1. Give the stretch 247-260 a look and list any residue that's in a helix (DSSP H, G or I) and without any contact (Cβ under 8 Å) to a residue 60 or more places away in the chain, or say none.
2. Residues that are modelled with pLDDT under 65, within 29 Å of residue 258 (Cα to Cα) and crowded, with 21+ Cβ neighbours inside 10 Å: does the stretch 6-24 have at least one?
3. Does residue 86 satisfy being at pLDDT 90 or above, assigned to a helix (DSSP H, G or I) and surrounded by fewer than 18 Cβ atoms within 10 Å (Cβ to Cβ)?
4. Given the structure, is residue 204 part of a helix (DSSP H, G or I), farther than 26 Å from residue 331 by Cα and under 20 Å from the mean Cα position of the chain (by Cα)?
5. Those residues that are modelled with pLDDT of 90 or more and either surrounded by fewer than 16 Cβ atoms within 10 Å (Cβ to Cβ) or in a helix (DSSP H, G or I) (or both), I need them from the stretch 160-178; list them, please.
6. I'd like to check something: does the stretch 229-246 contain any residue that is within 28 Å of residue 332 (Cα to Cα) and either touching a residue at least 12 places away in the same chain (Cβ under 8 Å) or in a loop (DSSP other than H, G, I, E, B) (or both)?
7. Is there a residue being over 22 Å from the mean Cα position of the chain (by Cα) and modelled with pLDDT under 85 anywhere in the stretch 141-152?
8. Within the stretch 67-83, how many residues are in contact with a helix residue (DSSP H, G or I) (Cβ under 6 Å, 6 or more places away or on another chain) and in a helix (DSSP H, G or I)?
């Protein structure tokens with residue numbers, strides 16, 4: 001997350017980094033002393049985040065399928081197998097890019113909110129004498145909190161649409177069957193309540209806050225090493241990509257268990273979802289109100305479990321469907337359930353696609369963010385005096 005402020009760090013914070021001495025007669029240019037106007041930072045962040053998310057959306061779908069697969073044994077055994085199977089059976093638009101609309105809206109608006117909040121809170125803390133490293137860390141947490149109310153509902157819609165695939169999907173029974181984004185939103189609100197759009201809110205924060213903190217710590221250290229190696233604040237595009245990608249990838253791998261819990265909480269279904277459409281239920285599954293009824297095997301889940309979603313890992317042995325359920329919204333309890341039923345590999349289900357996704361997405365977003373800031377500096381949308389507004 002250090003990259004979010006690397007272009008706009010104050011003089012006080014920038015002087016913390018000691019670079020190789022400049023040649024005689026030349027002064028070291030401190031690119032981090034500049035503070036771009038908020039509108040520049042927000043647009044650069046929004047465009048960068050949107051580009052990174054759209055570029056890697058298909059891989060995010062692969063990760064979601066692996067983490068939320070309710071079948072036993074799991075249908076998808078590896079990242080390559082999952083990608084090929086979804087593409088062959090369901091295609092690109094409805095399969096690999098299912099849920100892309102809510103993902104795009106949530107990514108752009110949420111990232112704009114993130115970068116705007118990050119820049120404001122970071123500058124405020126630095127101006128009041130808070131150490132730059134603490135300012136970056138704290139600003140990243142505050143920015144995630146600010147973006148979450150926008151991001152979480154779009155994440156719920158995106159995740160469910162990714163898990164279901166195409167409408168009336170004959171190849172994968174996820175328990176969901178929406179006609180599209182608006183239909184999914186209406187169905188969720190009508191049968192599960194408005195609060196269902198915020199399922200996994202705490203779990204999302206549990207995942208994103210540590211991710212942002214780790215990404216910031218890794219990226220700050222790597223950029224510091226790169227600057228000392230190059231002897232300049234301008235480390236060049238190859239090192240910008242390398243530092244951003246490795247920081248995001250490492251943070252993504254470490255926080256995979258929290259991502260697994262978040263995905264399961266947002267996609268778990270109520271027990272009444274298997275009942276016929278003509279039976280009134282308090283939490284009706286979208287699939288039960290459509291032509292694509294849930295296969296009879298899903299009704300064999302134990303009635304004692306209110307949320308029968310399988311937590312099986314691709315590496316676990318075949319067991320009865322519904323033997324392990326995640327009947328909780330607690331992150332800690334969810335991790336315990338997964339660990340006891342599946343072991344450590346169950347907690348890291350989907351780690352491959354998540355590691356690749358966060359690496360490429362972070363590299364794309366952070367590098368594009370900095371390049372766009374440079375472009376906006378040459379073609380300003382507002383006067384430089386507006387940066388203090």
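1. Of all residues in the stretch 247-260, those in a helix (DSSP H, G or I) come to 247-254, 256-260.
Those that are in a helix (DSSP H, G or I) and without any contact (Cβ under 8 Å) to a residue 60 or more places away in the chain: 250, 254.
2. Residues of the stretch 6-24 modelled with pLDDT under 65: 6-24.
Retained after the next criterion (residues that are within 29 Å of residue 258 (Cα to Cα)): 6.
Pick out the ones that are also crowded, with 21+ Cβ neighbours inside 10 Å and you get 6.
Yes, because at least one residue in the stretch 6-24 is modelled with pLDDT under 65, within 29 Å of residue 258 (Cα to Cα) and crowded, with 21+ Cβ neighbours inside 10 Å.
3. Taking the combined requirement at face value, the residue does not satisfy it.
4. On the way: part of a helix (DSSP H, G or I): yes; farther than 26 Å from residue 331 by Cα: no; under 20 Å from the mean Cα position of the chain (by Cα): yes.
Against the criterion (part of a helix (DSSP H, G or I), farther than 26 Å from residue 331 by Cα and under 20 Å from the mean Cα position of the chain (by Cα)), residue 204 does not qualify.
5. Within the stretch 160-178, the first condition is being modelled with pLDDT of 90 or more, and the residues that meet it are 160-162, 178.
Listed by number, the residues that qualify are 160, 161, 162.
6. Step one: filter the stretch 229-246 for residues within 28 Å of residue 332 (Cα to Cα), giving 246.
Restricting the remaining residues to those that are either touching a residue at least 12 places away in the same chain (Cβ under 8 Å) or in a loop (DSSP other than H, G, I, E, B) (or both) gives 246.
Scanning the stretch 229-246, I find at least one residue that is within 28 Å of residue 332 (Cα to Cα) and either touching a residue at least 12 places away in the same chain (Cβ under 8 Å) or in a loop (DSSP other than H, G, I, E, B) (or both), so the answer is yes.
7. Of all residues in the stretch 141-152, those over 22 Å from the mean Cα position of the chain (by Cα) come to none.
Within the stretch 141-152, not a single residue is over 22 Å from the mean Cα position of the chain (by Cα) and modelled with pLDDT under 85.
8. The first filter runs over the stretch 67-83 and keeps only residues in contact with a helix residue (DSSP H, G or I) (Cβ under 6 Å, 6 or more places away or on another chain), leaving 67-68, 76, 79, 82-83.
Still in the running and in a helix (DSSP H, G or I): 67-68, 79, 82-83.
Count: 5.
The values are calculated or read from the model by the stated rules, or taken from the named source; none is laboratory data. It should be emphasised that the depicted structure is a prediction, and the values quoted were computed from it without experimental measurement. All Cβ positions, glycine included, derive from the backbone under ideal geometry; neighbour counts span all protein chains shown.
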